[in-house]
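Here the structure comes first, spelled out in structure tokens, and everything after it is commentary.
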Amino acid sequence: MAAVVPYRDLRAALATVGAVLNRTNPPPWNGILITGDPGGTLTLTAASSSATVSIRLPGVARSAGRFLVDGWALTRMCTALVRGERRRDTDDQPVLLDGSDPAAPTVTIGEYTVPLTGLPADDHPGDCRPAPTIATVDGDALRDAVDRVLPAVGQQDTLPILTGIRLSLTPGRATVVATDRYRMAIDTLPATVTEPTGHELLVPGKALAACAERWTAPSVQIGRHRAESVRDVDRVTFSCGQITASLVELGEGYPSWRRLADTHSARHTATFDRAAVQAHVGRVLAILNAHPKVTDHIKIMTLTLTPDGLRVAPLLPEHRDRVNAPVLPATTSLTAGTMCWAFNVAYVRDALAALPFDTVMFSGQADADKSVLFTSTDGQAAEMPPYRHLLMPIRRN
């Protein structure tokens, strides 16, 4: 197999498939499979235990065949071969990939040719193919929705279900959900769903976010492949232009997000400007990081509603009653007294950053230990539910 690819296109392709590649894994899972077909299309594919991603480059393959090469080594070598040159001078420079000897494929840029170590390709799953389409969504809208829920994706590998992003497909809508037990983010976007019964999909959150960053076509086709044998697994495919990602479904047991969202009852509310409160939350975090008595990994802030507005303040381990903070402009439901909640300050920061519009509605329940809701509706389409970010307070002693 041989192909000649503009350096700009190869660099982007390696970044796309490299998003799911772990260079510390043993072969073939540290490799990029490079395939040329008789029609001239070059396909680069990387795979992990949870995702397979392929990108196709039409018209650059000179001959058919395939070889597998260490993905990290190939990426670094391509960078090294243009070191010291300006990007505008290298973007259109041709790169020759020659796999005529699969055990020692070569990379040629300019007058340099360097061989790399080929890997056995027999155990690699091969190029990624899209499954039959079950829904079509706008690519930018899905990317934005994934970005907004990503802060709520769980980070603990011991709870793999919570490391996923839930896609709920119903007629006319795709709902994107993530939760790590302490917070839950929900966003909804228009979708053309081909089956009236809909689908509930759960895919690895980080892998989906990494793939979404590389989408360039206007729309994304979502497909579903059901396991056909005990050696197979259920997969969800995302096809956008020349990129196809196949993500392994994480299985059952995801929290009932509809029940948690629909049972939230607002007792205390506040409407405020996001940027103003966001700036003060950032200042509170800086105060907690600077204070010598705050040594815990989790930094805690308070959010207090008053009849005149709201106040965000650091919660210190000592002399809490001596902390003072300004009352920020807000329209609240209180006519007398105050209502106070305590939160992980990083979670509040993430929630405010994820909200899509400038005006924020905060809703708290009668019990300060129950979940609160951040939402924003001032630019929301009437037929779509707004972005919702539920957050669990921290119990105070």
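Each residue, residue 264 and residue 63, gets one label point 7 Å from its Cα in the Cβ direction; the gap between the two is 6.1 nm.
The trypsin sites (Lys or Arg not before Pro) of region 279-360 that meet both conditions, a loop assignment by DSSP and at most 12 other Cβ atoms within 10 Å of the site Cβ, are 293. Show which aspartates and glutamates lie in cross-link reach of residue 293 when reach means a straight Cα distance below 13 angstrom and same-chain residues fewer than eight apart are skipped. Cα-Cα hits under 13 Å: 318.
Note on residue 89 and residue 229: the extension gain reaches 45.4 nm, defined as 0.36 nm multiplied by sequence separation minus the Cα-Cα distance. Phi angles of region 174-188 translate, via the Karplus equation with coefficients 6.51, -1.76, 1.60 and θ = phi - 60°, into HN-Hα couplings of 10, 9, 10, 9, 9, 8, 10, 5, 9, 8, 9, 10, 9, 9, 10 Hz per residue; Gly and Pro are given as x.
Note on residue 150: accessible area is roughly 60 Å² with a 1.4 Å probe, heavy atoms of protein only.
In percent, rounded to a whole number, the relative contact order of region 314-397 is 26, using alpha-carbon pairs under 8 Å and six or more apart. A dipole drawn for region 344-397 from +1 and -1 charges on Cβ atoms has a positive end, and of 344, 363, 376 the residue lying farthest that way is 344. With a Förster radius of 56 Å, plug the Cβ-Cβ distance of residue 96 and residue 338 into 1/(1 + (r/R0)^6) and report the FRET value to the nearest 0.05. That pair, residue 96 with residue 338, gives E of 0.20.
Per-residue 3J(HN,Hα) values for region 361-366, derived from phi via the Karplus relation 6.51 cos²θ - 1.76 cosθ + 1.60 with θ = phi - 60°, read 10, 9, 10, x, 8, 5 Hz in sequence order (x marks Gly and Pro). Here the chain has 50 percent of its accessible surface on carbon and sulfur atoms, given a 1.4 Å probe and all protein chains in place. The HN-Hα couplings worked out from phi for region 321-332 by the Karplus form 6.51 cos²θ - 1.76 cosθ + 1.60 (θ = phi - 60°) are 6, 9, 7, 10, 9, x, 8, 8, x, 6, 9, 10 Hz, whole numbers, x standing for Gly and Pro. Between residue 164 and 154, 205, the built amide H atoms are under 5 Å apart, and every one of these is 5 or more places off in sequence or on another chain. Applying the criteria of a DSSP loop state and at most 13 other Cβ atoms within 10 Å to the trypsin sites (Lys or Arg not before Pro) of region 120-184 yields 181.
The values are calculated or read from the model by the stated rules, or taken from the named source; none is laboratory data. A quick note: this is a predicted structure, and the numbers were derived from the prediction, not measured. So basically every Cβ, Gly included, is an ideal-geometry build from the backbone, and we count neighbours across all protein chains shown. Surface areas here come from the heavy atoms of the whole protein model, side chains and all, with no ligands, DNA or RNA. Shrake-Rupley method; radii C 1.70, N 1.55, O 1.52, S 1.80 Å.
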